[in-house]
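**Student:** Please read through the structure below; I'll follow up with questions.
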Amino acid sequence: MPTVHVGEVDLYYEIHGEGSPLLMINGLGASVETWSPFWMRLAEHFRVVLFDNRGVGRSTLPKSSFTIRTMADDAAGLLEAIRVPSAFVYGASMGGQIAQELALSHPEKVRALVLGMTTCGGPPAILPPPEVMQRLATLANPSAGSSPLEVLWSVSYTPEFLAAHRAELVREAAAVRYPPTPQGYRLQAEASMKFNSYDRLPKIQVPTLVMAGSRDLLMPPGNARLIASRIPGAQLHIFEGAGHGFTRERPEESVKLISDFLSAVESSRPLPSPGT
């Protein structure tokens with residue numbers, strides 16, 4: 001099991017494919033096992049580096065609280081340990097917060113930034129609708145009756161996608177060997193809720209692509225528009241009709257968008273305009 005020791009934690013990681021390195025940072029409670037399969041298509045174009053953030057999967061579960069900055073330091077330490085001086089970085093949801101912090105705190109490690117389904121946090125951030133917050137609150141109260149997975153799926157995917165792919169999601173969930181612990185999930189959630197990059201976003205100087213689903217209930221697309229407006233020269237793409245899990249709902253479109261953007265950065269071609 002490949003791990004590296006960074007600070008006070010051990011981080012589990014995997015490397016797939018060839019080419020320029022692409023570090024992929026997953027969201028709240030999510031491990032390498034639970035990445036959307038679209039990363040496999042990205043591995044046809046890039047040397048994809050996957051890892052478990054502290055607190056989940058096969059990485060160390062800390063005993064005390066930590067911050068998004070701590071997790072960004074972890075990511076920088078991982079790149080250092082595997083001898084990758086700098087990488088393209090894709091962050092999804094909470095992973096997008098970590099990716100923002102990585103670009104701000106360790107700019108030398110980031111060649112280009114792709115932010116998906118995420119938020120800058122702080123007072124300007126756009127929160128989920130009240131009914132979604134109520135559904136999420138049931139995750140802390142299993143006796144409320146709803147299956148945690150069903151709750152997460154209901155806010156992550158559009159009803160149409162969920163109806164068509166429920167059996168597939170059930171099979172994948174049953175195959176997960178390292179589900180998040182309540183403590184790991186809680187510690188990550190606390191770090192995410194305290195994050196605020198709004199005032200610092202103009203300091204990000206690397207090429208940036210910001211993506212969101214137009215029907216995202218967890219991270220309303222206004223958050224993507226806000227982030228893109230704050231990062232100099234950032235590109236914005238909204239997947240019309242897609243939810244929070246747009247990389248799962250629109251894998252081919254997602255892979256092409258990311259690959260075209262990063263390939264243009266790599267070749268110093270003018271950045272493609274993905275549209276909004």
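The values are calculated or read from the model by the stated rules, or taken from the named source; none is laboratory data. Owing to the predicted nature of the structure, the values given are computational and were not obtained by experimental measurement. Here Cβ is always computed from backbone atoms with ideal geometry, including for glycine, and neighbour counts include all displayed protein chains.
**Student:** State whether one or more residues within the range 157-180 are out of contact with any Asp or Glu (no Cβ under 8 Å at 6 or more places or on another chain) and of a type in the set (Ser, Thr, Tyr).
**Tutor:** For the range 157-180, residues out of contact with any Asp or Glu (no Cβ under 8 Å at 6 or more places or on another chain) and of a type in the set (Ser, Thr, Tyr): absent.
For (1) free of Cβ contacts under 8 Å to residues at least 24 places away in the same chain; (2) closer than 22 Å to residue 182 by Cβ; (3) under 13 Å from the mean Cα position of the chain (by Cα), each residue gets a yes or a no:
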| residue | (1), (2), (3) |
| --- | --- |
| 21 | no, no, no |
| 29 | no, yes, yes |
| 34 | no, yes, yes |
| 42 | no, no, no |
| 58 | no, yes, no |
| 69 | no, no, no |
| 72 | no, no, yes |
| 78 | no, no, no |
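**Student:** Would you check if residue 259 is in contact with a His (Cβ under 7 Å, 6 or more places away or on another chain) and in a helix (DSSP H, G or I)? Steps first, please.
**Tutor:** Numbers: in contact with a His (Cβ under 7 Å, 6 or more places away or on another chain): yes; in a helix (DSSP H, G or I): yes.
The answer is yes for residue 259.
**Student:** Here's something else I'd like to know. Can you tell me which residue in the range 157-191 is farthest from residue 212 (Cα to Cα), limited to those that are polar (S, T, N, Q) and at pLDDT 95 or above? Write out each step before concluding.
**Tutor:** Within the range 157-191, the subset polar (S, T, N, Q) is 158, 181, 183, 188.
So of that shortlist, the ones also at pLDDT 95 or above come out as 158, 188.
Values: 158: 13, 188: 22 Å.
The residue in question is 188.
**Student:** Which of the residues belonging to the range 143-201 are among the small types (Gly, Ala, Ser) and either over 28 Å from residue 120 (Cβ atoms) or in contact with a Pro (Cβ under 6 Å, 6 or more places away or on another chain) (or both)?
**Tutor:** Selection gives 143, 144, 145, 146, 147, 163, 164, 167, 173, 174, 175.
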